[in-house]
Structures are given as structure tokens and as C-alpha cells.
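First the structure, in the form of C-alpha cells, and then the observations on it.
The values are calculated or read from the model by the stated rules, or taken from the named source; none is laboratory data. Because the structure is a prediction, the values reported are computed rather than measured. Every residue, glycine as well, gets a Cβ built from its backbone with ideal geometry; the counts of neighbours run over all protein chains shown.
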Amino acid sequence: MTGIFLANSLRMITLLGKETLRIVSGFGDLAIFTAQSFSAVVTSRKLLRRTARAIYEQGTVCLPVILIVGLFTGLVLGLQGYHILSRFGSEGLLGAMVSLSLVREMGPVLAALMLIGQSGSALAAELGIQRNTEQIVALETMGVESHGYLVTPRLLAALLVYPFQTALFVVIGFWGGSLSGSALLGVDSGVYWSSIDRAIESRDLRECFIKAAVFGLLSVTICAYQGFHADRNHSETGARAVSAATTRAVVISSIMVLITDYVVSSFFI
């Protein structure tokens, strides 16, 4: 019995060690991938044109979902916030509750998750198909720096688009909270907006935009990395490899956004 226990223990330790090494190796590959993509800014040609296209893909195309989710997030915060604050006779603080919830947490996080679900998944699928059909290999054969051509414009666009989309999400959320709290539940509109004005400080806005930029960089890097290396999972090939890479990109990006949100928030508390 002791021998069986020791054998099972050694097997578990071996599997744990292999998995740990795989995770550490993955983080190292991701860091190298990111460094190669940013270093290609210097040598990449027609970068401005491709960055403008990436801004359109991440910004304009995703605009409807940002508006819809931002509006209904504000509506829900206004509704729930009113009923919570009314228990303590503090309905006048509804604007502060809605604004701080949106600016410090829900705005950056939900906007990033929506962008990951739409533009991030599309990016991973596009690069996965290009890898699957050997278009990336063809680019490298012709002497084109594949990171600079395919990834760098998306990273630069994310640093602009994610903060802008987050700001738009937050503003629409303010109006959703006003509609829910003032128009439907009877909170004075002037009290609502003055409460927002008193509650929001410069450090709150700074935290919001830092989170948005970090989430954008992180999510686009992960989605691009998963699509770019869709062929590394030897258990899946062809369309299944692209599908698996896209799924991994969305899941890992979403988890990392939530983990990073906690880390960044801890520096501002």
C-alpha cells in the first residue's frame, strides 16, 4: 500500500510540475510575442493605414454593443441602487453610487468584456485562419515581418479604442441611471447630476482610463497570440484548431481582465 501511495504521489507531483512548466513557458512566449509586436513599430510599413483599419474594427464595429450594454447597465444600477439607498433614506446619493460603480469598476470591465467578445474573438479567428491556410508563413517567406503587419496595428488601436469605448460606456451608463432613477423612480434630476459631480474625482478617472488601456493591451495580445499560434495544439487541426484557439482567446482574456482588475484596483484603494 505504501508503494502504491508513493507511486501515485510521484505521478501527481510530476503532472503538477509539467503543468507548471507549461504555464510558465506560455507566459514567457506571450511576453516575447508582445515585445516582438511592439518592437515592430519601428520597422513596420504602412502602419498608420493598418492602425486606422484596426481602430475601425475595434471601435466603430463594436459601438452598438457598447451603447446597448452601457445603457442597460446604467438602468439596472439606477433601479437597484434606488431600492438599496431608499432603505436608509439616502436616495439623493443615487448619482454617486451609479457614477462610482461605473467609473471605478463596471465601466472598464464590462466594456473590455464586450470588446473581447466581439473584436477579440474576430481577431483570434482571423489570425487562426491565416495560420491554418499558411498565409502567415507566406508573409514571412516574402520577408514581411508578420508581427508588425498583423499584430502591431491591433495593439496600437487597442490603446486608443479601449479608453474611448470605456468613456462612452460610462457616459451612457450615467444617462441610463438618470433615466431609471429620475424619470422612472422620482429622484430629482438636479440632485442626481450634482451627486455625480461631487462624487467623481480625478483619481477615479485616472483609474478608469488606466484600467481600460491595460485591459485593451492584455486582451488584444492574448487574442492575437492564440490566433497566431493556433497550430500549436496538435490534438486539433484545421477548422477545429481555429475554433479551439478562438475559444481559448475569449476565455483566457476574460479571466485575465478580472484578475488584472483586482491587481490594478489594489493600487488605487
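Considering the conditions (1) polar (S, T, N, Q); (2) touching a residue at least 60 places away in the same chain (Cβ under 8 Å); (3) under 22 Å from ALA244 (Cα atoms), THR152 is excluded by exactly one of them, (3). How many residues are out of contact with any His (no Cβ under 9 Å at 6 or more places or on another chain), of a type in the set (Ser, Thr, Tyr) and modelled with pLDDT of 80 or more if we restrict to segment 1-50? So the count comes out to 1.
Residues that are in contact (Cβ under 8 Å) with a residue 60 or more places away in the chain and either in a helix (DSSP H, G or I) or among the small types (Gly, Ala, Ser) (or both) within segment 185-196 comprise VAL191, TYR192, TRP193, SER194, SER195, ILE196, listed in sequence order. Taking the criterion of being more than 15 Å from VAL109 (Cβ to Cβ), buried (at least 24 other Cβ atoms within 10 Å of the Cβ) and not hydroxyl-bearing (Ser, Thr, Tyr), the residues of segment 151-173 that qualify are VAL151, PRO153, ARG154, ALA158, VAL161. For segment 153-171, residues that are touching a Lys or Arg at 6+ places or on another chain (Cβ under 6 Å) and under 14 Å from LEU205 (Cα atoms) total 0.
For segment 128-163, filtering for residues that are over 15 Å from ARG50 (Cα atoms) and of a type outside the set (Asp, Glu) leaves 16.
The requirement of being surrounded by fewer than 11 Cβ atoms within 10 Å (Cβ to Cβ) and within 20 Å of PRO153 (Cβ to Cβ) is satisfied by LYS46. Considering the conditions (1) outside any helix (DSSP H, G or I); (2) surrounded by fewer than 18 Cβ atoms within 10 Å (Cβ to Cβ), GLY26 is excluded by exactly one of them, (1). In segment 245-257 there is at least one residue that is surrounded by 15 or more Cβ atoms within 10 Å (Cβ to Cβ), of a type in the set (Val, Ile, Thr) and over 22 Å from LEU156 (Cβ atoms). Looking only at residues in segment 180-212 that are aliphatic (A, V, I, L, M) and surrounded by fewer than 17 Cβ atoms within 10 Å (Cβ to Cβ), the one that is nearest to the chain's Cα centre (by Cα) is ILE210. For segment 101-147, a residue qualifies if it is polar (S, T, N, Q) and over 28 Å from ALA212 (Cα atoms), and the qualifying residues are GLN130, ASN132, THR133, GLN135, THR141. With a requirement of 2 or more residues that are at pLDDT below 90, the helices (runs of 4 or more DSSP H) lying completely within segment 80-145 that satisfy it span 94-101, 121-132, 135-141. Considering the conditions (1) within 20 Å of the chain's Cα centre (by Cα); (2) closer than 20 Å to ALA249 by Cα; (3) not basic (Lys, Arg), GLY70 is excluded by exactly one of them, (2). State all residues of segment 84-140 that are surrounded by fewer than 15 Cβ atoms within 10 Å (Cβ to Cβ), of a type in the set (Val, Ile, Thr) and within 19 Å of THR152 (Cα to Cα); if no residue qualifies, say none. Within segment 84-140, VAL137 is the sole residue that qualifies. Considering (1) without any contact (Cβ under 8 Å) to a residue 12 or more places away in the chain; (2) touching a Gly at 6+ places or on another chain (Cβ under 8 Å); (3) among the hydroxyl-bearing types (Ser, Thr, Tyr), the lone condition that THR166 does not fulfil carries the number (1).
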